[in-house]
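Engineer: Got a structure for you, questions after.
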Amino acid sequence: MALGAIDIANNQIYFRSNNTFSSLPTAVWALNGTGTTINLGAGGVYTYLFASDNGLGAEVWYVGDLHGIITIPSIFNLCGLTKWMLFGPAGAEVPDGGVTAILLGIALGTLGICRHFTFGLRAKPNA
């Protein structure tokens with residue numbers, strides 16, 4: 001779209017800001033969420049933030065040069081925020097939120113307990 005343009009496609013109205021950008025990376029979905037506080041991590045992990053409102057509108061921000069915790073408006077386009085999505089650059093791995101590490105720890109701990117009880121319940125040979 002041209003700078004400052006308004007366009008209609010897929011029954012949506014699109015407004016293009018007057019910001020000029022160089023070539024931007026392709027968006028690859030990374031994370032969904034709700035609320036106004038978003039942790040972008042150490043930086044460079046996410047490229048775009050897409051936020052939608054209950055008026056069926058949306059905003060997209062380039063966040064590739066941001067890091068840490070950010071806050072987005074709870075109301076924009078005179079409508080309330082409903083959800084947001086983060087997109088990372090193509091080919092980049094999205095960091096795990098820690099759930100996998102926790103589940104791995106629980107699984108290894110459970111195996112260790114099972115092993116302890118299994119070896120402890122073995123019958124001793126008669127001497």
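The values are calculated or read from the model by the stated rules, or taken from the named source; none is laboratory data. Computed from a predicted structure; not experimentally measured. Note that we place each Cβ from the backbone using ideal geometry, even for glycine, and neighbour counts take in every protein chain shown.
Engineer: What pairs come up if the first residue lies in the range 52-70 and is under 17 Å from N32 (Cα atoms), the second is of a type in the set (K, R) and modelled with pLDDT of 80 or more, and their beta carbons are under 6 Å apart, counting only those six or more places apart or on different chains?
Structural biologist: Filtered contacts from the range 52-70: S52/K83.
Engineer: Just checking: which of the strands (runs of 3 or more DSSP E) contained wholly in the range 31-111 hold 3 or more residues that are modelled with pLDDT of 65 or more, under 13 Å from the mean Cα position of the chain (by Cα) and of a type outside the set (A, V, I, L, M, F, W, C)?
Structural biologist: Values: elements: 37-39, 48-53, 58-62, 69-71, 79-89.
Of the strands (runs of 3 or more DSSP E) lying wholly inside the range 31-111, those with at least 3 residues that are modelled with pLDDT of 65 or more, under 13 Å from the mean Cα position of the chain (by Cα) and of a type outside the set (A, V, I, L, M, F, W, C) span 79-89.
Engineer: Same structure, new question: Within the range 5-25, track down each residue that is surrounded by 10 or more Cβ atoms within 10 Å (Cβ to Cβ), at pLDDT 80 or above, in a loop (DSSP other than H, G, I, E, B) and not hydrophobic (A, V, I, L, M, F, W, C).
Structural biologist: Correct list: R16, S17.
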